[in-house]
Amino acid sequence: MIWYTPSATAKYFAGYMPFINMCASGIKRHGGDSVNELTYLIMDAVRQIKLYQPTLACRIHNLSPRKYLNKIADVIAAGAGMPACHFDDAHIKMMLRKGYSYEDACDYCLMGCVEEQRSGRVHQWTSGGFTQWPICIDMALHGGVLNSYGDRVWLDSGDTSSFKTYEDFEAAVKRQLDYLIDVNCRGTVIIEKVFRDVSPTPFMSLFVDGCMEKGRDVMDGGAVLYAGPGTIFAGLGTYADSMAAVKYLVYDRKNTPSPS
């Protein structure tokens, strides 16, 4: 279910895909495969209509019927970019680690892109904020000063001349990462409290177990279970390439006197 958001928020995120994610098949709550005729009807509709929303996720496991697996391949081959395939064994283990019962773990569905949850029982916010890892390298190189502003807006992790080894430089970058993640988490918690106070979700709360019984909104502790908010790590490829380049050029080959 998509949240209703304040007008300012809706304007800021205009054009952002809502990620309504349908989930098909998988292991039933009490065992056995759940593929049925509706599964194939949904897949045929996705193959023929080729809309980018709603997306389709297909759960698979070791006992999935061959006909079902072939249908998945057929839909993917049609070029719609879906369904996404999710292996039950891995997702059920992740659900169990979160504290779900085995029955609820088997009854998982996908929200957003790939995040497993138990629909109607848990309130889950997995995309609390994006942490851009490459900027932490920039902050380590410039002592927390953002070049576009010219002011220190970040943690001062030391002058680059003090980074005598790659391990010194890496430690400085990791200090910036720690700071970034801490700020992100604090900001996300503040945002959740603001939404709780100014943007309740009574319609969504009707469909989440626990809210009616407690008389509390899903944003105010009404749900049976909660997960998140989560922090998304972004730019990991650029981060890894940049760190490798610094190590190779500065500390291995010594082509330049300092990382900056």
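Could you tell me which of the residues 191, 181 is modelled with pLDDT of 90 or more and β-branched (Val, Ile, Thr)? So that I can check it myself, show each step before the final result.
Numbers: 191 fails: modelled with pLDDT of 90 or more.
Going through 191, 181 in turn, the sole match is 181.
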Scanning the range 144-162 for residues that are under 17 Å from residue 183 (Cα atoms) and not charged (D, E, K, R) gives 144, 145, 146, 153, 154, 155, 157
Looking at the structure I just gave you, is residue 115 of a type in the set (D, E, K, R) and under 30 Å from residue 238 (Cα atoms)? yes
Can you tell me which residue among 76, 135, 92, 72 is β-branched (Val, Ile, Thr), modelled with pLDDT of 90 or more and in contact with a strand residue (DSSP E or B) (Cβ under 6 Å, 6 or more places away or on another chain)? 72
Residue pairs, Cβ under 7 Å, 6 or more apart or interchain, first in the range 222-241 and over 19 Å from residue 115 (Cα atoms), second among the charged types (D, E, K, R). List them. 222/214; 222/216
In the range 200-255, what count of residues is obtained for those that are of a type outside the set (Phe, Trp, Tyr) and part of a loop (DSSP other than H, G, I, E, B)? 20
For the range 46-62, enumerate the residues that are out of contact with any strand residue (DSSP E or B) (no Cβ under 7 Å at 6 or more places or on another chain) and either at pLDDT 95 or above or not in a helix (DSSP H, G or I) (or both). 50, 51, 52, 53, 62
Which residues, counting only those in the range 22-59, are surrounded by 12 or more Cβ atoms within 10 Å (Cβ to Cβ), closer than 24 Å to residue 106 by Cβ and charged (D, E, K, R)? 28, 29, 33, 59
Give me the residue from the range 191-215 that is more than 19 Å from the chain's Cα centre (by Cα) and among the aliphatic types (A, V, I, L, M) and, out of that set, farthest from residue 139 (Cα to Cα). 212
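Listed here are the residues, each with its yes/no results for (1) buried (at least 18 other Cβ atoms within 10 Å of the Cβ); (2) touching a residue at least 24 places away in the same chain (Cβ under 8 Å).
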{"position": "85", "(1), (2)": "no, yes"}
{"position": "94", "(1), (2)": "no, no"}
{"position": "111", "(1), (2)": "yes, yes"}
{"position": "122", "(1), (2)": "yes, yes"}
{"position": "137", "(1), (2)": "yes, yes"}
{"position": "143", "(1), (2)": "no, no"}
{"position": "154", "(1), (2)": "yes, yes"}
{"position": "159", "(1), (2)": "no, no"}
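Pick from the range 195-254 the residues that are β-branched (Val, Ile, Thr) and farther than 30 Å from residue 172 by Cβ: which of them is surrounded by the most Cβ atoms within 10 Å (Cβ to Cβ)? It would help to see each step written out before you state the result.
We begin by selecting, within the range 195-254, every residue β-branched (Val, Ile, Thr); these are 198, 201, 208, 218, 224, 231-232, 238, 246, 250.
The next check asks that each one be farther than 30 Å from residue 172 by Cβ; those that pass are 198, 201, 208, 218, 224.
Values: 198: 9, 201: 21, 208: 21, 218: 25, 224: 16.
Checked the range 195-254; the qualifying residue surrounded by the most Cβ atoms within 10 Å (Cβ to Cβ) is 218.
The values are calculated or read from the model by the stated rules, or taken from the named source; none is laboratory data. A quick note: this is a predicted structure, and the numbers were derived from the prediction, not measured. Please note: Cβ atoms are built from the backbone with ideal geometry, for glycine as well, and neighbour counts cover all protein chains shown.
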